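In what follows, a structure is listed as structure tokens, so that the remarks can point back to it.
Nothing in this text is a laboratory measurement; each read-out follows from the coordinates by a stated rule. Quantities reported herein were computed from a predicted structural model and do not represent experimental measurements. Ideal geometry is used to build each Cβ from the backbone, glycine not excepted, and the neighbour counts take in all protein chains shown.
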Amino acid sequence: MSYNQKSFHINRGCMRIYHSNNFRSGRKIIFENEPCLIESSEFVKPGKGQSFVRVKLRKLLTKQLIEKTFKSTDSLEIADIIEYTLSYLYNDGRFWYFINNNTFEELSVDEKIIGVHKKWLLEQDTCIVTLWNNQPISITPN
């Protein structure tokens, strides 16, 4: 990595969790050791038996959609996800370089993560770069 780790670091104190009754659309959690986005959740309280939550999760690394049912007593770890708005600078064939216009720090992103967007990126284009545990996992051009 060619960026300053300190500026993109989150204090990881103790593990933070969401209980299943707090699952909401847009929240990011860790499920099966992968970061996931909660796309929808439905709390169900049957007339008989324990309540549960039906959830649709999108894995952020593979884009796979999963439907899962959790008991009302279940909980999941909050994902260490940060999104930055960065400007595209240049590429050297393997890495694509972005800059934070507020702090002027650079971030290099592997070509594999850029994916199909590399055809359309122009210098100074603004992108949202998503980091998980301080590693870039996706970019979305604005």
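Quick look at the numbers
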item: Set of lysines with alpha-carbon distance to Lys48 below 26 Å, sequence-local pairs under 8 removed; result: Lys56, Lys68, Lys71
item: At R0 = 22 Å, FRET efficiency that the Cβ-Cβ distance of Phe104 and Ile82 yields, to 0.05; result: 0.75
item: Formal net charge of residues neighbouring Asn91 (Cβ-Cβ distance under 15 Å; K, R +1; D, E -1); result: -2
item: Volume in Å³ per residue [convex hull over Cα atoms, computed for segment 17-77]; result: 67
item: Label zone at Asn22, where the point sits 7 Å out along the Cα-to-Cβ direction: segment 54-86 residues whose backbone N lies under 12 Å; result: 75-79
item: Computed [θ] at 222 nm, deg cm²/dmol, the chain (DSSP H ≥ 4; -39,500 (n - 2.57); rounded to nearest 500); result: -500 deg cm²/dmol
item: Reduced Cα scattering model of segment 81-141, Debye log10 I(q)/I(0), q = 0.25 Å⁻¹; result: -1.07
item: Local electrostatic count, Ser25, Cβ distance below 12 Å [Lys/Arg +1, Asp/Glu -1]; result: +3
item: Alpha carbon convex hull of the chain, volume per residue in cubic angstrom; result: 117
